[in-house]
Every structure is written in C-alpha cells, then in structure tokens.
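Asks: Just passing along the structure, written as structure tokens.
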C-alpha cells in the first residue's frame, strides 16, 4: 500500500485561512501539500508538477473552479486527476449550475467527490485517503459529539426563515452590545 | 274707312304683319308672292321654284305635299326641315292652304310657315332633363297609372309604363295611405311625403316623393308629375354618423383616463366620468365654464399661451381642492391655420400607479431580505470553517507541542471572531435598514467626496482614482449618505480589482452624467475583471471573492440603496481588462423629500421591527 509521503495534494481556495486549515490536516497526516489561491495559480501549480489529488473551491476571483477544470480537461493526463470539490455553495443558486455541470460526467474522467463546508478534519482526511486508496472505502469515522452538535446547528441554519430571523434581530436590538 | 280700303290695308299690311313666313305657289311650284319675313329668311325668291327656295333642291321633293293640295284641294300641315339663306337647317311647321277659283280648281297654294327650331331644342332639353335627372320621375294619370317614366326609374324599378304607381314602387295592390299624387289631383297643388319601396334587385329604397299637377291654373288636372328623391344612402350615412357618435361617446365615457375638451371660445365641452372622479367635480359644474386651470396643469396652459400645439407630461401635478394630485398628462391644441378650434387633454391618475410602485419597491426590498436570510447560512458556514481550521491548528500545536501551529491557529481564530462581529453588525445594518434621509442633493458633490476619501490610500498602492463629472446636473432628491455608501463600496471594490490584477498599478474613474431624465453614475476600473460566473453572483448575498477581507455585503447594500432610489445597477466586465459598474436612477422615480405632500410621495419604508 502506498504511503501518504508519496502523494502530492493541491489545495485550491481563495481564503488563506481555509488553505492553512486544509494543508494543516494533510501535512499532519504526512502528505506533501501545494496551495493555490485561484484557478490561475492552480493551473501554474499543475504545470510545474502534476498533483495526485486536488481539493478545489468553486467560487474564486480571476479563474473560478469550473474554468480551472475546463483547462484540466484539455490534457488527457490531467483529466484523470482525482478531484474533491469543497464548497459552501454546493446546493444553492450560486453553485447548483456549476455543480451539475461538473457531476454530469462530461467534465472530468477521474474520481470525483464533494464536501460541503464546514468540514471536520476527520471527514476531510477520510475522503482524501479513501480516494487515494490509502484506506478501504467504508464508514466515515464516527462523528463525535461536537460534530453532531455542529451538524445540528448547520441544519437549523438551513431552516432559518424570515420570522425567526426577525425574532433574533429584535432580541439583538434590545441588547445590541451583548450581540457584538 | 270703306271696305275696299280695309281690303287694300289687309292686302298691303296683313300679309306683312303676320308672324309667319308666307309664300304663294302657282301650279308650276313657282313662288309668285312672299312676305318680308320669308325673304329675310330664305333670300331672293322671284322666279324660283319652292324646292329651290326652301331646300336648295333641283327637283321636286318626294311625297310633295303641295302637289296633293293642288290635286284634292284639302288643307295640310306638315313638318319640314328647310335650309335658310345662310345654309342653316331649321324646323318649320308649314300649313298649306289651297286658293281655289270659282269651279274648285286650285290655281295657287299659300304656304304659311312657323319656325319651330327653338321650340324643338327646348323640347329636347326638357326631354333630357326628364330622362337624366338623378331622381325617379314619372307622369301619372288620374288612375295613378304611370304614363311616362324616366330612365333612372325604368332602370331601378323596371320598365312598367302603363302599370299602377304603387305596384311599381311597392309591389303592392293597395294605394298608399297618404298618397301625395291623389292630393295633387284633388287640390292642384304640390305635395310631398316620405316612403319606402323595393327596387328591382329586391333592395330597400327610401325616398322623398314630390307630386305636382301638370295643368294650367284653372284647368282640371289630368296628369301629375311625381318626383322621387332617393335618400337611402343619406339615411344610411346619417345612421352611421349616429352610430359613430355613439361609439365615440361611449369610448370617452368608458375611458379609464380622464378626458377633457374645450371649444374654440375656451368653454369646457367634454368632461368624462374618469375626469370627474379625478378632479372631484361634477361634469355639469365644469361644462360651459372657462376655468381651464380647473382641468389642465399649468404647463399646458403655458403651451396654450405660447401658441404651441401639444404637450406630453409624463409626470406633473394638478390642483384638486386642497390637494396636489400626481398625474400623467397629454394635451393637444387644435388649430385651423391661425384660429383656435379647441383643446383636448388626457389625464391619468398616478396615485394608484405610485402606490403600486411603492409596494413593488417594498416587495423588492423584502425579497432582498429573504435572499439575505438564505445567504446567512453560507456566511456562517464560511466563518465556521475558518473557526474549525483555527481550532484544528491550535489542537495540533498543543498535542505535538508546535508553537508555530498554535500561533497560526490562534491568528485564524482571532480573524474569524472579528469577521463574525463585523458580519453580524453589517447584517443587522442591512436587514434593519437605516431610514433614508432624502433631500435635494448635488450628486457631483457626493462623488467628489468619495473620490477624495480613497485617492490617497489608493495612490500609495499605485492605483489612480479620478473623476469625470458632468457639469450642470440639477440637485436631485437623494439619500446622500446612502449614495455615499454605494459609491464607496464600488470604488473600494474597483481599487481591490486593480490590486488583484496581474498588472502593476491601475486606474479607477468615477463618472456622473444625466441622460433622458436619468441620473447615471459609473465606476470603471482596469483591474482583474470578472468571469461570467462571478458577474452573475456579485449581487447575491454574502458572495465574496475577497478572501478574509470581504463579508459579501457591500454590493448587496449598494443594490438595496439604489433600489430604494428606484434605480438599477448593471455591470460590464471582461476578465483581465476591467469592469464598469453603472447606477441608473430615473428622476421620475426618485423618492420625495421627507415632510412634503404629507408623505404621500415617500418611497422609503421602515425596516422590519
């Protein structure tokens, strides 16, 4: 079985904090990590050295994620690099169109997966290792208590409606300093 | 005077005095005597034969009437065409009288001729008149039988001479109840009546009948002339006119727009129900009055005074009682050469329109809040990811005793705490919305302030911020602080776009102008530009491509403020070339300043509480 030390992973995200986060996860697990702040930089990185795996944000300035993928597709070799889309906009108006396009099966030929932000270190690492064949595909690591709590918050955020928001706001307005 | 003297006078004078041409022929047909009238008409006759004198012939006429008179001694009258001394043909009625001697032998014949040329041409004219007159003309006898009918009558009703009048016109065996012909027979005077019949082709004919007796005064009336004037077309036109007038009236009456019109003398003639409602005055009160400023806005009265012809006012106001009502107005002045024929005005009540527009703006604003709520989840997701990353790095540092990771993680945590604070504040600001303070504002002044605000900081980073402001833009009702925020957002974005570009340095231009009643503001940069995808998303909540520095709210706030001004924001952008953000605000849609018109024209609502 291959070792993480033999694998180079390209992290593409316009937010420096997120680049630091993802590269930290992978470095700690022993991977070789390269980062890029947009599609343009990512393309330069691929040209310098073909990575074994790419973690890709979709919405970025200069060259967006999907345009970067269109560039990769031009090379038979690059088109087979495993891709993991990591985005906060996977299933909303902002991301749906790009998302459907990428997962239509016509854009890329290699393994393709996606994660929605926010993402836990365990889940992120598990996906990378599974796709690279470093651990058998199967159950995700069991979500521990903080993760469950976070998921609950996420789902509640997803269900927020105007009324609820207005209630929150009026509460905040009554005590504005307490909110900040 | 004795008898022989009378005879001598008769001989010498009567022969010359009678109003006829006289000639005496002998049995050789020679003219042996003739009066002056004959000589005047036909010339020298002495020794010439009658056919030579009257017809310029060299031999006797066929069927010579004189020859018969010589043979049987009977008087005769005959129509002749003779040729006078000038060569002209003329019609003559000639009476031939034998002059017998004692035993009955006719030795001479006297010809007495009357020139009827003129009478005949009169007759012909009369005939033509009778035939060709564009009426149906008939002569009736006492039984109401048609004894003569003109061409038009024969063509229209058929050639029915000899049949009864009512049979021909109405295909009826009965006499008409109010027959004017019978009355003319009765009293010898002219009568008229109106009636209807059926033409040969079966169509209905409406006509006016005039009957006149054909007899000299005092004589019994044997014939009546009947003239029918066909008025079918006239009646049809009249009915059509009535229908059209009716249609026009109902259009004017049913119109949703107020319609007002005045006559040449300046009196109000038309005030339709919509105008009554709009102006709050009964039509009866206005009709006939000359109170033009009761029905027309001041601008149209000025057009009238300056001898203009029309005016269209997309938005104006008219005084109604205590109120000033917003209306749309179109007015026309009808002139024939120099003289005024009248005026017409169309008034549209804009109160409902403006109310709907305010509702639409409110709805757009609510929709923006809705979008924001949806976007809130994503904003929080990004920050959560940052926090999660910070926590991960700190934990790693603690577990493996790596100070660098603790330091890195802590910085990320710190940044994201700041970010969530800013985020919540900006979000509250956006969702609550400050109440815009609208006042007449110099757009260029605001633009200059914003440019000034960014100029120095941008120059330090090699970006030139400049202005191109159109002079003479009149003050407009704006929320100066709101517009300041919008321009600040756009200029700040433009500077960032220049910094994100591969080129060193950049240029940002802030422009203002007024076109077709619209205020326009432009912020142009030669920065990195945007992809189609990014362009599509920039106004959506919490969309940011500026990494940690952006909350994604700037353009959303810009869009909201411009929407509150009734305007729009558009983008033109090419990756690697630059972007232009363009704000367009029609003056007509700008909000009214606070405290005017009892707040009727105010667009600014209050945020949800």
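The values are calculated or read from the model by the stated rules, or taken from the named source; none is laboratory data. Remember, predicted model here, so these are calculated numbers, not experimental data. Heads up, the Cβs are rebuilt from the backbone with ideal geometry, glycines too, and the neighbour counts pull from every protein chain shown.
Asks: Taking the options B:557, B:580, name whichever one is touching a helix residue (DSSP H, G or I) at 6+ places or on another chain (Cβ under 9 Å) and either more than 13 Å from chain A (Cβ to nearest Cβ) or at pLDDT below 65 (or both).
Replies: The match here is B:557.
Rundown of residues vs (1) away from every other protein chain (no Cβ under 14 Å); (2) over 55 Å from the mean Cα position of the chain (by Cα); (3) at pLDDT 90 or above, yes/no style:
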| site | (1), (2), (3) |
| --- | --- |
| B:420 | no, yes, no |
| B:428 | no, yes, no |
| B:436 | yes, no, no |
| B:448 | yes, no, yes |
| B:467 | yes, no, yes |
| B:509 | yes, no, yes |
| B:524 | yes, no, yes |
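Asks: While we're looking at this one, here's another question. Only one of B:351, B:365 is modelled with pLDDT of 85 or more and either within 30 Å of residue B:436 (Cβ to Cβ) or in the same structural domain as residue B:566 (by TED's automatic domain parsing) (or both); which?
Replies: Testing whether each residue is modelled with pLDDT of 85 or more and either within 30 Å of residue B:436 (Cβ to Cβ) or in the same structural domain as residue B:566 (by TED's automatic domain parsing) (or both) leaves just B:351.
Asks: Sticking with this one: Tell me yes or no: at least one residue of the range A:80-99 is within 14 Å of another protein chain (Cβ to nearest Cβ), surrounded by fewer than 21 Cβ atoms within 10 Å (Cβ to Cβ), at pLDDT below 85 and in contact with a strand residue (DSSP E or B) (Cβ under 7 Å, 6 or more places away or on another chain).
Replies: yes
Asks: Going by the structure shown, is residue B:389 surrounded by 21 or more Cβ atoms within 10 Å (Cβ to Cβ), more than 20 Å from residue B:523 (Cβ to Cβ) and either more than 60 Å from the chain's Cα centre (by Cα) or modelled with pLDDT of 90 or more (or both)?
Replies: So residue B:389 fits the description; yes.
Asks: Considering each of A:167, A:156, A:76 in turn, give the residue that is at pLDDT below 70 and either out of contact with any strand residue (DSSP E or B) (no Cβ under 9 Å at 6 or more places or on another chain) or in a strand (DSSP E or B) (or both).
Replies: That would be A:156, the only listed residue that is at pLDDT below 70 and either out of contact with any strand residue (DSSP E or B) (no Cβ under 9 Å at 6 or more places or on another chain) or in a strand (DSSP E or B) (or both).
Asks: Any residue that is free of Cβ contacts under 8 Å to residues at least 40 places away in the same chain, more than 14 Å from every other protein chain (Cβ to nearest Cβ) and in a loop (DSSP other than H, G, I, E, B) - is there at least one of those in the range A:54-62?
Replies: For the range A:54-62, residues free of Cβ contacts under 8 Å to residues at least 40 places away in the same chain, more than 14 Å from every other protein chain (Cβ to nearest Cβ) and in a loop (DSSP other than H, G, I, E, B): absent.
Asks: Would a scan of the range B:230-249 turn up a residue that is at negative phi and in contact (Cβ under 8 Å) with a residue 40 or more places away in the chain?
Replies: The answer is yes, given that some residue of the range B:230-249 is at negative phi and in contact (Cβ under 8 Å) with a residue 40 or more places away in the chain.
Asks: Checking residue B:190 against (1) at pLDDT below 90; (2) surrounded by fewer than 18 Cβ atoms within 10 Å (Cβ to Cβ), which single condition isn't satisfied?
Replies: Condition not satisfied by residue B:190: (1).
Asks: Filtering the range A:29-51 down to residues that are touching a residue at least 40 places away in the same chain (Cβ under 8 Å) and buried (at least 19 other Cβ atoms within 10 Å of the Cβ), which residue is farthest from residue A:130 (Cα to Cα)?
Replies: A:51
Asks: Quick check on my filter: what residues within the range B:99-156 are in a strand (DSSP E or B) and within 30 Å of residue B:196 (Cα to Cα)?
Replies: Correct list: B:136, B:137, B:138, B:139, B:140, B:141, B:145, B:146, B:147, B:148, B:149.
Asks: Can I ask one more? Quick one: in the range B:396-416, which of the residues that are facing another protein chain (nearest Cβ under 9 Å) and free of Cβ contacts under 8 Å to residues at least 24 places away in the same chain is nearest to residue A:154 (Cα to Cα)?
Replies: Looking at the filtered set, the residue picked out is B:409.
Asks: Within the range B:85-94, identify whether any single residue is assigned to a loop (DSSP other than H, G, I, E, B), on the phi > 0 side of the Ramachandran plot and not assigned by TED's automatic domain parsing to the domain that holds residue B:200, and answer yes or no.
Replies: yes
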